[in-house]
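A.B. asks: If you scroll down you'll find the structure; I have some questions about it.
The values are calculated or read from the model by the stated rules, or taken from the named source; none is laboratory data. Computed from a predicted structure; not experimentally measured. Cβ placement follows ideal geometry from the backbone for every residue including glycine, while neighbour counts extend to all protein chains displayed. Side chains are part of the model used for accessible areas, which takes the heavy atoms of the whole protein and leaves out ligands, DNA and RNA. Shrake-Rupley method; radii C 1.70, N 1.55, O 1.52, S 1.80 Å.
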Amino acid sequence: MKQFAERMGTLGLIACGIILVVVLGALLAPIIAPYDPTIGSVTQRYQGMSAEHWFGTDQAGRDIFSRLVWGARSSLTGPLIVVVITAIFGTTIALTAVWFGGFVDSALSRVLDLLFAFPNLLLAMLAIAVFGPSLTTAALALAVAYIPYSARVVRSMAMRERNLPYIRSPELQGIPGAVITVRHLLPNVAPLIVTGATINFGFAMIELAALSFLGLGVQPPEADWGLMVSNGQQSLLNGYPAESVLAGLSIVITVAAVGYVGERLGGRAAAGRKA
Amino acid sequence: MKKQAIAIGSILAIALTGCAAGTSSDTSSSIDTDDLLTTTPAATGELDLVTWNLPFGEPASIDPIKSFNYPENTVVANLCEGLMQLQPDFSIEPGLAEKVDTPDDLTYIYTIRQGVEFWDGAEMTADDVVFSLGRHADANEGSYWAGGLISNIASIEKTDDWEVTVTLTEPDATFNSYMVTPAGTIVQQAHREAAGDSYGNPTGQVMCTGPYSVGEWDQGQSISLIKNENYWNTAKQAKTTQVDINFIVDSASIATALDTGAIDGSYDVPLGALPTLENSEAGTLYLGNSLQLVAIIGTGNGAFADPAVRQALMMATDRDAIAATVFEGTATASRSLVPNNGWAYGDSEFTAGRDDLAETAIDIEGAKKVLESATVDITQPISIVYPSERTYYADIISEIANGAREIGLTVEPEGVPSAQFGAFFSDPAAREGHDAFVTYNYMDVPDPLSFLRAIVGSDGSQNYSEYSNPEIDSLLSEAAAATDESERALLVNQVQEAAMEDLPWIPIVDPAVRLFMADGVTGAPASFVYLYYPWAADLGASGE
């Protein structure tokens, strides 16, 4: 723990604290949020900050604090879906390509190149056009778009490891490739996968927020930070900035925290390898 | 490290200070309909250029027979003219017809105005009139106005050099009023035939007689209207040489453009732009008499298919609050499916008929009682579809959901992209699986008979739930045949009363026309005539 704290540094620990608060907020939303995030009355719109409504109310009279707390759920769930799928498929593709090499490696690399050609958001929009707007559709489409990034990074690392004695030796002993890959290769590239996932988490959060902002992700009246930025933009111009600003800040702070932790983890992983 | 902490602290402080600024609650109330305007102050001078905006976007076509919505009609109204013309006070005056005679309730004899020239200098003839009216019945032309009104036409004949006679199959007292719309708009036959498939688009354009012709049409950006120096109606000659109409749809951009003077004016100012424009020093926000209605349309599916559920929902919904807040006080709660003052005849009868209808005040206990007579499963959620880009609909549905919750119903908003939402009005398959959808509707002509007929008539063009009431159908036919306007108004009142019982649509609010014009520009009508009246011709200098 002490070693972790030293490697994270003060800012890293603050970032971890922020992530912890956001995750706890998302998990405990039903307990923490004082109001239903989807219910409000226009007669209560644009209430200022008060003991009753800590961050005021939005244009539909909904409690902004409750929407922020509940919004953390979809805002974290979406990127989580993206990084989990990305990590699983990206790693599998990368390790398969590295292990077999030759034609398999070339074929998989070309497929990844093809996926690279599509901008992430465009791919997500295409999927949404076909399957309809929802968080799940947006997250799955983004996951597909992120797989090449993850696969390439893992492949380059695994390629180096592939020819090292701890991999070659069991291979010469006739141990099946799948076993070597899972037991030996995967653990040695795992820190890189975790680092990549944390960095991707931040990117995915921003892009999913952008999709929700465009009305293609989480749908009203559900709470989501990107959606809140979108909903509040007119209120912002009309002198009621709370909804957009606070939701925007939540995205920025969370992404920065996750990114910083990811960066520190990356440094730690590199340090571990050197050791 | 300290610098980083200070920076983060500063950002948070600025953000929270900004948030704290929004501390006022909305206390505005609905506008008094007596305060709504018909016109804005008349122009006292001429202008070289006025920049306008279409907040609903670019017209898909300027062919009159394909003009059936805000963008197209707002432009075409300045280019092409009808046999009759709607006036800002909702009266109907002769247009390209000098007069109309109705020897019986099936025959309309139009005396065509002589000396009217198209933009190319060719004189308009009775042949052009017969051709133009006949286009609606030609399946190859694809008129959006084909159907009810047009299918009731038995013949269109040139009965003299300057006379065209239209004979109907069944009496329809609203027929002549529709000659103010594209159903009665005249285009040049020769140009139409020469243009082929490009007719109405930026290449083929149109050839009409209006006070403006088409200048440059920069697709996706703007369309320019150029003053017709040879306009036949010298009393209504355009006061502005060129009107550039932009196609900005983003609410915030519109607010900024109007507030900074980048654009001189716009009808249908977005609701989100109102707080900015109400206090703008760049111009004035005018609220005008309207023929518009915001309503919830039933599809005939789910719990919403039960009239008792619809009636209870209407009673439980705080429509006054919606008018005061979502519409920033620029609307009034709807008392009827017919927008307030939406009539050009029978004022005393229609006013009395409206006064007899239930008040708009919220009535939870009454709604609960009505709901007891529902025969459907009221535990099933009611989905109301809206175009997700227009967030004010979500606020309206949210308020409906609040009332619904009070009486034990569940209402859920369902946002769909605008492109998909449009199909709800034209494709029954799109409505399947949905219980209701929102509409920002309007009366084509100031005649409650035509509007109610479209909504509650068995074969009405806006009857989306296959609603059928033989008593209403009979009253509609009787009213259409009534030549006495008072008698017709009384019959229409009976239709209105029955319609408000069954409520195939739930009326929510009657929005006022929202018109903004920059200082120095004036004259545009404030009432809801800009779809069928050459509003741009009235634009001019205010003399300030």
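A.B. asks: Over the stretch B:292-511, what is the percentage of antiparallel beta bridges among all DSSP beta bridges, to the nearest 5? Don't skip to the answer; put the middle values down first.
C.D. replies: Working: 14 of 22 bridges.
Counting only bridges with both partners in the stretch B:292-511, antiparallel ones make up about 65 percent.
A.B. asks: Counting protein heavy atoms only and a 1.4 angstrom probe, how many square angstrom of accessible surface do chains B and A bury in total, to the nearest 100? All intermediate terms of the calculation are to be shown ahead of the outcome.
C.D. replies: Numbers: alone 21880 and 13940 Å², together 33170 Å².
Summing both chains' loss of accessible area gives about 2700 Å².
A.B. asks: Further, regarding this structure: Taking chain A as the reference, fit the longest principal axis to its C-alpha atoms, fit the long axis of helix A:64-100 to the helix C-alpha atoms, and give the angle between the two in degrees, 0 to 90, nearest 10.
C.D. replies: 10 degrees
A.B. asks: Please enumerate, by chain and number, the aspartates and glutamates with C-alpha under 12 Å from the C-alpha of A:LYS2, excluding those fewer than 8 residues away in the same chain.
C.D. replies: none
A.B. asks: Of the peptides B:191-198, B:323-330, A:84-91, how do they stack up when ordered by the mean number of other Cβ atoms within 10 Å, highest first?
C.D. replies: Numbers: B:191-198: 13.6, B:323-330: 25.0, A:84-91: 20.2.
The densest-packed peptide leads the list: B:323-330, A:84-91, B:191-198.
A.B. asks: Another question about this same structure. Among B:385-392, A:133-140, B:332-339, B:141-148, what's the highest-first ranking by average C-beta atoms within 10 angstrom per residue?
C.D. replies: Working: B:385-392: 22.8, A:133-140: 21.1, B:332-339: 25.0, B:141-148: 17.0.
Ranked by mean Cβ neighbours within 10 Å, highest first: B:332-339, B:385-392, A:133-140, B:141-148.
A.B. asks: If you plug each phi of the stretch B:381-390 into the Karplus form 6.51 cos²θ - 1.76 cosθ + 1.60 with θ = phi - 60°, what whole-Hz ³J(HN,Hα) values come out, in order, with x for Gly and Pro?
C.D. replies: Listing the rounded values in order: x, 9, 8, 10, 8, 8, x, 5, 5, 9 Hz.
A.B. asks: So if the hydrodynamic radius of the stretch A:148-275 is defined as the Kirkwood radius over C-alpha pairs, what does Stokes-Einstein give as its diffusion coefficient at 10 °C and 1.306 mPa s, in µm² per second? Display every interim value, and only then the final one.
C.D. replies: Values: Rh = 17.4 Å.
In µm²/s, the coefficient rounds to 91.
A.B. asks: Here is a follow-up. Running Debye on the stretch B:292-511 with equal point scatterers at the Cα sites and no solvent, what base-10 log of I(q)/I(0) appears at q = 0.09, 0.17, 0.19 Å⁻¹?
C.D. replies: Each listed q maps to, in turn, -0.33, -1.23, -1.51.
A.B. asks: Another one. Evaluate peptide B:178-187: per residue, the Cβ atoms of other protein chains within 10 Å of its Cβ; return the mean as an integer.
C.D. replies: On the way: counts 0, 0, 0, 0, 0, 0, 0, 0, 0, 0.
The per-residue average across the peptide is 0.
A.B. asks: Let me ask you something else. Averaged per residue, what accessible area in Å² does the stretch B:292-511 show with a 1.4 Å probe, protein chains only? Working shown, then result.
C.D. replies: Numbers: 7740 Å² over 220 residues.
Result: 35 Å² of accessible area for each residue.
A.B. asks: Amide H neighbours of B:LEU293 under 5 Å, at least 5 residues apart or on other chains, H built in the peptide plane: list them.
C.D. replies: Hits under the 5 Å cutoff: B:ASN441, B:TYR442.
A.B. asks: Related question: If you count, for every residue in A:43-53, the Cβ atoms of partner chains within 10 Å of its Cβ, what is the mean? Each step should come with its number before you reach the end.
C.D. replies: Values: counts 11, 4, 6, 7, 5, 7, 6, 1, 0, 0, 0.
Across the residues of A:43-53, the mean count of other-chain Cβ atoms within 10 Å is 4.
A.B. asks: Please give the helix A:102-116 orientation as an angle from the longest Cα principal axis of chain A, in degrees from 0 to 90, rounded to the nearest 10.
C.D. replies: For helix A:102-116, the angle is close to 20 degrees.
A.B. asks: Peptide A:236-247: average number of partner chain Cβ atoms within 10 Å per residue? Can you show the working numbers first?
C.D. replies: On the way: counts 3, 9, 11, 8, 8, 7, 8, 2, 2, 6, 4, 0.
Mean shielding count: 6.
A.B. asks: I've got another one for you. Put simply, what bits of the stretch B:377-421 lose 20 Å² or more of accessible area when the other protein chains are there, versus the chain on its own (1.4 Å probe)?
C.D. replies: Buried by 20 Å² or more upon assembly, which counts only protein chains, are B:TYR386, B:SER388, B:THR391, B:ASP395, B:SER398, B:GLU399, B:ASN402, B:ARG405, B:PRO413, B:GLY415, B:PRO417.
A.B. asks: Distance check, please: which entries in B:LYS158/B:LYS227; B:LYS158/B:LYS236; B:LYS99/B:LYS236; B:LYS158/B:LYS239 exceed 26 angstrom between their Cα atoms? The partial results should precede the final answer.
C.D. replies: Values: B:LYS158/B:LYS227 31 Å; B:LYS158/B:LYS236 28 Å; B:LYS99/B:LYS236 18 Å; B:LYS158/B:LYS239 35 Å.
Too far apart for the 26 Å limit: B:LYS158/B:LYS227; B:LYS158/B:LYS236; B:LYS158/B:LYS239.
A.B. asks: Here's something else I'd like to know. When only C-alpha pairs under 8 Å and at least 6 residues apart count, what is the relative contact order of chain B, in percent?
C.D. replies: Working: 1211 pairs, mean separation 127.4, N = 544.
In percent, rounded to a whole number, it is 23.
A.B. asks: On to the next question. Kindly write out, for the stretch A:192-208 in residue order, the coupling ³J(HN,Hα) from the Karplus curve 6.51 cos²θ - 1.76 cosθ + 1.60 (θ = phi - 60°), rounded to whole Hz, with x marking Gly and Pro.
C.D. replies: Ordered by residue, 3J(HN,Hα) equals 5, 5, 5, 4, x, 5, 5, 5, 4, 4, x, 4, 5, 4, 5, 6, 5 Hz.
A.B. asks: Relative contact order for the stretch A:42-171: what is it in percent, counting Cα pairs under 8 Å that are at least 6 residues apart? Mind dumping the intermediate values first?
C.D. replies: Numbers: 138 pairs, mean separation 31.7, N = 130.
Worked out over the stretch A:42-171, it gives 24 percent.
A.B. asks: Give me the percent of the accessible area of the protein assembly as shown that comes from carbon and sulfur atoms, probe 1.4 Å, all protein chains in place. Kindly include the intermediate steps, with their values, before the conclusion.
C.D. replies: Details: 18630 of 33170 Å².
It is 56 percent, rounded to a whole number.
A.B. asks: Now for a different question. Relative contact order for the stretch B:129-249: what is it in percent, counting Cα pairs under 8 Å that are at least 6 residues apart?
C.D. replies: On the way: 149 pairs, mean separation 19.0, N = 121.
It rounds to 16 percent for the stretch B:129-249.
A.B. asks: In addition: Non-local amide H neighbours of B:ILE112 (under 5 Å, H modeled in plane, Pro and chain starts lacking H): which ones?
C.D. replies: B:GLU98, B:GLU163, B:VAL164
A.B. asks: Another question, if that's okay. Measure nothing fancy, just the Cα-based angle from helix A:2-27's long axis to the longest principal axis of chain A, in degrees from 0 to 90, nearest 10.
C.D. replies: The answer is roughly 50 degrees.
A.B. asks: Still on this structure, please answer the following. Per residue, how many Å² of accessible area does the stretch A:168-227 show with a 1.4 Å probe?
C.D. replies: 44 Å²
A.B. asks: To the nearest Å, what is the center-to-center distance of the stretch B:512-529 and the stretch A:64-95, using C-alpha atoms only?
C.D. replies: 49 Å
A.B. asks: For B:TYR212, list long-range residues whose amide hydrogen, built 1.01 Å from N in the peptide plane, is under 5 Å from its own amide hydrogen.
C.D. replies: For B:TYR212, the qualifying residues are B:ASN228.
A.B. asks: Rounded to the nearest 500, what is the protein assembly as shown's calculated 222 nm mean residue ellipticity when only DSSP H runs of at least 4 contribute -39500 (n - 2.57) each, over all residues? Numbers along the way, then the final one.
C.D. replies: Details: 29 runs with 370 residues, N = 819.
Helices in the protein assembly as shown give a 222 nm mean residue ellipticity of -14500 deg cm²/dmol.
A.B. asks: Follow-up question, since we're still on this one. Report, for the protein assembly as shown, the % of DSSP beta bridges that are antiparallel, rounded to 5. Intermediate results must be reported in sequence, preceding the final value.
C.D. replies: Values: 58 of 76 bridges.
Bridges in the protein assembly as shown that DSSP calls antiparallel: roughly 75 percent.
A.B. asks: Over the stretch A:12-122, give the accessible area per residue in Å² for a 1.4 Å probe, as an integer. Before the final figure, lay out the partial values.
C.D. replies: Working: 5050 Å² over 111 residues.
Accessible area per residue: 45 Å².
A.B. asks: Still on this model: Explain nothing, just compute: Karplus ³J(HN,Hα) = 6.51 cos²θ - 1.76 cosθ + 1.60, θ = phi - 60°, for every residue of the stretch B:55-66 in order, whole Hz, x for Gly and Pro.
C.D. replies: Once θ is set to phi - 60°, the couplings for the stretch B:55-66 become x, 9, x, 6, x, 6, 7, 10, 5, x, 6, 10 Hz.
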